[in-house]
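The values are calculated or read from the model by the stated rules, or taken from the named source; none is laboratory data. The structure presented is a predicted model; accordingly, all values stated were derived computationally and were not measured. Don't worry about glycine lacking a Cβ; one is built from the backbone with ideal geometry, like all the others, and counts go over all protein chains shown. For the accessible areas, the whole protein counts, side chains as well, though only heavy atoms, and no ligand, DNA or RNA atoms are used. Shrake-Rupley method; radii C 1.70, N 1.55, O 1.52, S 1.80 Å.
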Amino acid sequence: MVFRVDQVVLTHPYFLWICAARFRTRIYWGMEYRQLGYSGLKVSALSFGAATFGGGNEFFKAWGDTDVAEAKRLVDLCLDAGVNLFDVANVYSTGLAEEVLGKAIEGKREKLLISTKATFKMGDGPNDVGSSRYHLLQQCDASLKRLGTDYIDIYHMHGFDATTPVEETLDALNTLVHQGKVRYIACSNFSGWHLMKSLSVSERYGWARYVAHQVYYSLVGREYEWELMPLGLDQKVSALVWSPLGWGRLTGKIRRGHPLPETSRLHKTSEQGPQVEDEYLYKVVDALDAVAKETGKTVPQVALNWLLQRPTIASVIIGARNEEQLKQNLVAAEWNLTAEQVATLDKASAVQSVYPYWHQEQFADRNPSPVPQVK
């Protein structure tokens, strides 16, 4: 595995942490393992997202409806490729995705890591949502039962709950860690201040801290770089990337003059996901096509590999409707784009930052970006 180091990253005070974490990884079956934030846990550079399991409602059927038999084959393919992290959430198909994953990993639990989540609505009652102690303790036990296990390796807060004191949430999570039901805690979809406040509270009381942040990040969604990536570097919080193909837009099937593919999730879920202007998408896909032609790889493989070379990224979560799609995506970790190819993609996907980031970019010597700012 070849690591590309941008000059600006060398100026960052926590470059040595990223560098050490990357170079201490071991290669197993062709898969790279990366350290998960400020922890001793190693996760595969690619992980599998089980949101396609179950298809319990119309929203998730648009993602996929993988049954137990197919899920077992996908899990085995991942394990054979060296993938050790499987990501799910209680809210995916209202628990059905966890149930399918649990049955698919029977007899294999010690060979893999499970990441699941809580916070979002799981019932009609006033306490069936959020990150309160009541809800988290209840939902953790429910997830354990559905997954058929007695511990969760990484437990995420799926979103920030501003109605619950941060101290209550983290105390509850710390309790779960001490009970042995959870081994590491993480967050997802937090703002910078949400994460920083949470880390401060954990430090104040000596509680378990978030070691990872599951984030949306793709070649057509680079806002993560503005504040959350520098925060991750500074506080040693790794990123686990969800929807790395831009909510299904970077499959290689969406181009100028082409109708939306018949099987695309965008038909039913585009309004719930990140919004991308058509012309911007086509510009990025043009660059992806050019690099794919140079490398002999597919558009999704190039888009995934670009992410694998970014700072803070511990693992990129890939999903798949079928075995062939999974096999294609797994190849993304077996090679690396050149610095020139990365620069081509950076330039095509660059957008004007919002305030205060565009102002800070004018003083790059005082506020160095973790990645090159290409205009």
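Structural remarks
- Residue within segment 283-295 that is open to solvent by less than 40 Å² (accessible area, probe 1.4 Å) and either modelled with pLDDT under 95 or outside any helix (DSSP H, G or I) (or both) present: no
- Residue match in segment 114-128 (condition: under 23 Å from Met31 (Cβ atoms), open to solvent by 10 Å² or more (accessible area, probe 1.4 Å) and in contact with a Lys or Arg (Cβ under 9 Å, 6 or more places away or on another chain)): no
- Selection of helices (runs of 4 or more DSSP H) fully inside segment 151-237 by the criterion of at least 2 residues being open to solvent by 10 Å² or more (accessible area, probe 1.4 Å) and within 20 Å of Tyr134 (Cβ to Cβ) returns 166-179.
- Scanning segment 132-150 for residues that are outside any loop (DSSP other than H, G, I, E, B), open to solvent by 20 Å² or more (accessible area, probe 1.4 Å) and in contact with a Gly (Cβ under 9 Å, 6 or more places away or on another chain) gives Ala142, Lys145, Arg146.
- Of all residues in segment 138-162, those that are on the phi > 0 side of the Ramachandran plot and free of Cβ contacts under 8 Å to residues at least 60 places away in the same chain have Cβ atoms under 6 Å from Cβ atoms of residues that are open to solvent by less than 20 Å² (accessible area, probe 1.4 Å) and assigned to a helix (DSSP H, G or I), 6 or more apart or on another chain, in Gly148/Gly102.
- Scanning segment 296-325 for residues that are more than 18 Å from Gln214 (Cα to Cα), modelled with pLDDT under 95 and not polar (S, T, N, Q) returns Ala320, Arg321, Glu323, Glu324.
- Any hit, segment 262-269, residues being among the polar types (S, T, N, Q), at pLDDT 95 or above and outside any strand (DSSP E or B): no
- Residue count for segment 339-375 satisfying the condition of being within 29 Å of Val302 (Cα to Cα) and either open to solvent by 70 Å² or more (accessible area, probe 1.4 Å) or assigned to a loop (DSSP other than H, G, I, E, B) (or both): 17.
- Restricting attention to segment 80-113, the residues that are of a type in the set (Asp, Glu) and open to solvent by 10 Å² or more (accessible area, probe 1.4 Å) total 4.
- Identity of the residue in segment 298-336, touching a residue at least 60 places away in the same chain (Cβ under 8 Å), buried (at least 17 other Cβ atoms within 10 Å of the Cβ) and part of a loop (DSSP other than H, G, I, E, B), that ends up farthest from the chain's Cα centre (by Cα): Asn336
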